[in-house]
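The values are calculated or read from the model by the stated rules, or taken from the named source; none is laboratory data. No experiment lies behind these values; they were computed from the predicted model shown. Here the Cβ is made from the backbone with ideal geometry for all residues, glycine too, and neighbour counts use every protein chain on show. When the accessible area is computed, the model is the full protein with side chains, heavy atoms only, and any ligands, DNA or RNA have been set aside. Shrake-Rupley method; radii C 1.70, N 1.55, O 1.52, S 1.80 Å.
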Amino acid sequence: MARASLLFFIISAIGPFIVGILAANGLKQSNWYQLAVYYYLHFQYNGVFTFGVLALFFHLLKTKAIPFQLNQARKFGSLLFISCFPAYALSTLWTNPPLIINGIGFVAAVGQIAAFYYFLKSIDIKRKVDNLSFSKSSGILLGSAFISFGIKLVLQLISAFPYVAALSYEIRFYVIAYLHLVLIGIISFFLIAWYNECKILKVRKSYAYILVIGFITSELVMISVSLIREDINIFKWLAIISLFLVVGIGGIIFESLLQYIIHTFIKRLG
């Protein structure tokens, strides 16, 4: 997983080079420029970030002596790695490409869902996440991350259909909601839980709930944008809802810093 993350980091780095070349040749407004940007983003959040947190997760399981099925985990990693490359096709559907591109994206999405099946088998999902030797707060965040990961894979599958692809392009909030799902629901929630388990941060159960509530509410507002009346200021409501995230992460940072200061003070006294 860690090697795959580093490899995708190198692969994604091609994107900014192409962006620079296209911009220098006056093609900044072209589809090729946007495709290069999407290329970079795809291999960053589906490659670098996803495989990075998975490497940390399996290492955490090993550190805590939590058993998992290595063969199933390898199948999961291999399928996810291979399908990540053709899954880039899903990021190009806004250009109305030939249906073969939709087909490639669909097959890649099916491959990733199959990979997720092996992931669940590898950790024996029948046992609740919060019972896998994790604290309650970490269990809440990890459970939310796993659910977000599953939803992401389903959305990728649905987006392979031309109508859905066109709809997501027309309503930008859908794209933003998807990015939030990945970067907050999966990546951020996992990292906060990981820091909590490593005793780097102090995460109370109440703060974990506040973060999850703020995240879910903001997602619901963004995906309901096409149903909301025009006279309602969606940005105002998003700003209000985002306060949950501010309070949650602010509380975690404050308590973590306070704990560090007290620990340092006691250590110096000793």
Starting from region 239-262, take each residue that is more than 16 Å from SER137 (Cα to Cα) and assigned to a helix (DSSP H, G or I) and list its partners that are open to solvent by less than 40 Å² (accessible area, probe 1.4 Å) and among the polar types (S, T, N, Q), counting only C-beta distances under 6 angstrom and pairs at least six apart or across chains. ILE241/SER218
Residues of region 198-217 classified as within 21 Å of GLU255 (Cα to Cα), open to solvent by 30 Å² or more (accessible area, probe 1.4 Å) and not aromatic (Phe, Trp, Tyr), total: 10
Boolean, ALA166 is closer than 29 Å to LEU35 by Cβ, in contact (Cβ under 8 Å) with a residue 24 or more places away in the chain and open to solvent by less than 80 Å² (accessible area, probe 1.4 Å): yes
Return only the number of the condition from (1) open to solvent by 60 Å² or more (accessible area, probe 1.4 Å); (2) assigned to a helix (DSSP H, G or I); (3) of a type in the set (Ser, Thr, Tyr) that SER133 does not satisfy. (2)
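The rows are residues; the columns are (1) modelled with pLDDT of 90 or more; (2) charged (D, E, K, R); (3) surrounded by 14 or more Cβ atoms within 10 Å (Cβ to Cβ); (4) within 23 Å of VAL154 (Cβ to Cβ).
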{"site": "GLY185", "(1), (2), (3), (4)": "yes, no, yes, yes"}
{"site": "ASN196", "(1), (2), (3), (4)": "yes, no, yes, no"}
{"site": "GLU219", "(1), (2), (3), (4)": "yes, yes, yes, yes"}
{"site": "ASN233", "(1), (2), (3), (4)": "no, no, no, no"}
Do we find that PHE146 is in contact with a Leu (Cβ under 9 Å, 6 or more places away or on another chain) and either in a loop (DSSP other than H, G, I, E, B) or free of Cβ contacts under 8 Å to residues at least 12 places away in the same chain (or both) in this structure? no
